[in-house]
Amino acid sequence: METDSQYAIFFLDLDGFKQVNDNFGHRVGDEVLTEVVKRIKQACQHDEIICRWGGDEFIIMAHQSPLYRFEDLAIALKKHINQAIITTQHVIHMDCSIGIAMYPEHGQSISDLISLADLSMYSRKSGGTDDYVMFSGELEQKIKHEMHLSKGIAQAIAEQQLRLVFQPIIDSTTGDIASVEALLRWEFEGNNIPPDVFIPLAEKNGAIKQIGYWVLEESVRHLSALHLLKPQLAICINVSMIQFEDVDFVSKAEQIINQYHVNPSKVHLEITESVFSQDKLKLIDMVKALQLLGFMISIDDFGTGYSSLSVIQDLHVNTVKIDRSFINNLHLHGIDIVKAVMVMSHGLGYRVVAEGVENQQQANTLTALGIHYLQGYLFDKPLEFDALTQKLSRHPDEQRSPFLLRSANS
Ligand code: C2E
Ligand code: CA
Ligand code: CA
């Protein structure tokens, strides 16, 4: 941090504080906050001004000298907050994200400096691993680009820039295409923006709600057409946790399947484990209501989020999709996870999909372990609708995957 600036605003936000409140209750949350304030005071050994900005957000105005640099303060804050917090009944480990904006380089007014420090902090939260993030020209460009995309995605439906592609999911015992996963594509200003980039932006600005209905309706509409070729085919649709904030989600989903005369048992809604780290009860109620209507529920990216075995049991989820990071790692620890998920599947009665199957060896290992379904580039990349219909128009024998050992005999 080479700088002549003498003043800076630090924006400090606790990571995962909401989970503390959700899991242990507000009283424990208050104890943690009180302790965090003590720690911040301990870290601030000079003439810093400390304020509480919001629930778990703090602002520190710091002054640096040749002997005491902003970096030292950032590291001290992290170090103090990282030490275990012992409340009356629990031992809790907290971490924080810190963004820094300096006067006068980055902004002239206190409010500008606070928002820039906040933006810097936020950029650390979305993926960074550094102890702190200092505002910079590069970061400014990145933020502007994100804001541009964020505005763009909010208009994408109206501008007809969205389309779905479909990735087949193969039944490991027959080699047949059992279902297809609908995956969203966005073409914006001549570029294909990856969903990993635009979905989080659409979740942040709320556009995902409208986009989610578009995806649901388009998927179901396409499925009704595909059923003319293959009546047993199911479609898997990704549902973002933000979509569940809409109290009408369940009734709108029902309306869509009625409109296209599609059996909801052919519609698999893929939700991630992180769904259940939020307002659990309300979400579980909504998922149960969807199940009552006949929709199938899949847990997506299993193994990457919070452990939700009780939820899997409670909801009787229909399918668990093992995240591709484990399939990638089959030769290391991945295989243990796959085995464990398979063992539990017998007791809990769900079906298992392996995601991201890229080579024959993985397919062989997974099939030998009894995995029910396989999805990945080995079989098909996500296909345009026309390519999918061409494939499904072929004779059933020709549709079957040649990559499964068992398919030859079935
Ligand atoms: P996901 O739900 O885990 O979807 C699977 C992703 O893995 C897809 O990426 C797919 O193209 C990719 N994939 C499939 N097989 C392989 C393989 O063998 N190797 C590798 N390396 N990758 C494989 P995609 O289409 O880029 O989508 C990324 C993520 O974006 C999805 O991950 C999902 O979380 C999200 N997403 C996509 N469409 C939607 C949507 O309509 N709604 C919501 N909420 N999220 C979506
Ligand atoms: Ca998925
Ligand atoms: Ca997945």
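With coordinates expressed along the principal axes, the C-alpha atoms belonging to the stretch 7-135 extend over 45, 28, 24 Å, beginning with the largest.
Partners of Lys266 within straight-line reach, counting lysines whose Cα lies under 20 Å from its Cα and excluding those fewer than 8 residues away in the same chain: Lys230, Lys252, Lys288, Lys321, Lys391. So what is the accessible area of the chain per residue, in Å², with the probe set to 1.4 Å? For the chain, the solvent-accessible area averages 49 Å² per residue.
Ile335 exposes around 40 Å² of accessible area when a 1.4 Å probe is run over every protein chain in place. Straight Cα distances below 18 angstrom link Lys151 to the aspartates and glutamates Glu140, Glu159, Glu187, Glu189, Asp196, Glu203, with same-chain residues fewer than 8 positions distant left out. Near His372, the amide H atoms lying under 5 Å from its own belong to Val352; only residues 5 or more places off or on other chains count, and H is placed 1.01 Å from N. Accessible area per residue was computed with a 1.4 Å probe on protein heavy atoms; Glu189 scores about 130 Å². Considering the options Val353, Leu14, Ala202, tell which one lies farthest towards the positive end of the dipole of the chain, charges being +1 on Lys and Arg and -1 on Asp and Glu at the Cβ, about the Cα centre. After comparing all options, I get Val353.
Rounded to the nearest 20 Debye, what is the dipole magnitude of the stretch 7-135 about its Cα centre when Lys and Arg each give +1 and Asp and Glu each give -1 at the C-beta? Present the calculation step by step, with values, prior to reporting the outcome.
Values: 11 positive and 18 negative charges, 50 e Å.
So the magnitude is around 240 debye.
Would you compute, from DSSP H runs of 4+ residues alone, the mean residue ellipticity of the chain at 222 nm, taking -39500 (n - 2.57) per run and dividing by the full residue count, rounded to the nearest 500?
Values: 15 runs with 178 residues, N = 410.
One gets -13500 deg cm²/dmol as the mean residue ellipticity at 222 nm.
Among the protein heavy atoms of the chain, carbon and sulfur supply 52% of the accessible surface, probe 1.4 Å, non-protein parts ignored. Counting only residues at least eight positions apart within a chain, or on another chain, the lysines with an alpha carbon under 24 Å from that of Lys144 are Lys125, Lys204, Lys209.
Order Ser219, Ser109, most accessible first, counting only protein heavy atoms with a 1.4 angstrom probe. Present the calculation step by step, with values, prior to reporting the outcome.
Working: Ser219 0, Ser109 45 Å².
My answer, sorted largest first, is Ser109, Ser219.
Among bridges DSSP assigns within the chain, what percent are antiparallel (round to 5)? Don't jump to the answer; show the numbers that get you there.
Details: 39 of 63 bridges.
Antiparallel: roughly 60 percent of the beta bridges in the chain.
Cα centroids of the stretch 7-35 and the stretch 346-410: 45 Å apart. From the alpha carbon centroid of the stretch 173-217 to that of the stretch 227-249 is 12 Å.
Of the residues Met61, Met342, Met147, the one with the largest accessible area comes first in the ranking Met147, Met61, Met342, computed with a 1.4 Å probe on protein heavy atoms. Residues whose amide H lies under 5 Å from that of Ala178, counting only those 5 or more places away or on a different chain, are Ile169, Ile170, Asp171; hydrogens are built 1.01 Å from N in the peptide plane. Accessible surface for His90 stands near 50 Å², nearest 10, in the context of the full protein assembly shown (1.4 Å probe). Among Tyr350, Tyr213, Tyr7, the order of accessible area from largest down is Tyr7, Tyr213, Tyr350, computed with a 1.4 Å probe on protein heavy atoms. If I stretch the segment between His148 and Thr174 completely, what's the gain in nm (0.36 nm per residue apart, minus their alpha carbon distance), one decimal? My answer for the length gained is 4.7 nm.
The values are calculated or read from the model by the stated rules, or taken from the named source; none is laboratory data. For clarity, every value in this text was computed on a predicted model and none was experimentally measured. Quick reminder, even Gly has a Cβ in these numbers, built from the backbone with ideal geometry, and neighbours come from all protein chains shown. Heads up: the accessible areas ignore ligands, DNA and RNA and are worked out on the full protein's heavy atoms, side chains in. Shrake-Rupley method; radii C 1.70, N 1.55, O 1.52, S 1.80 Å.
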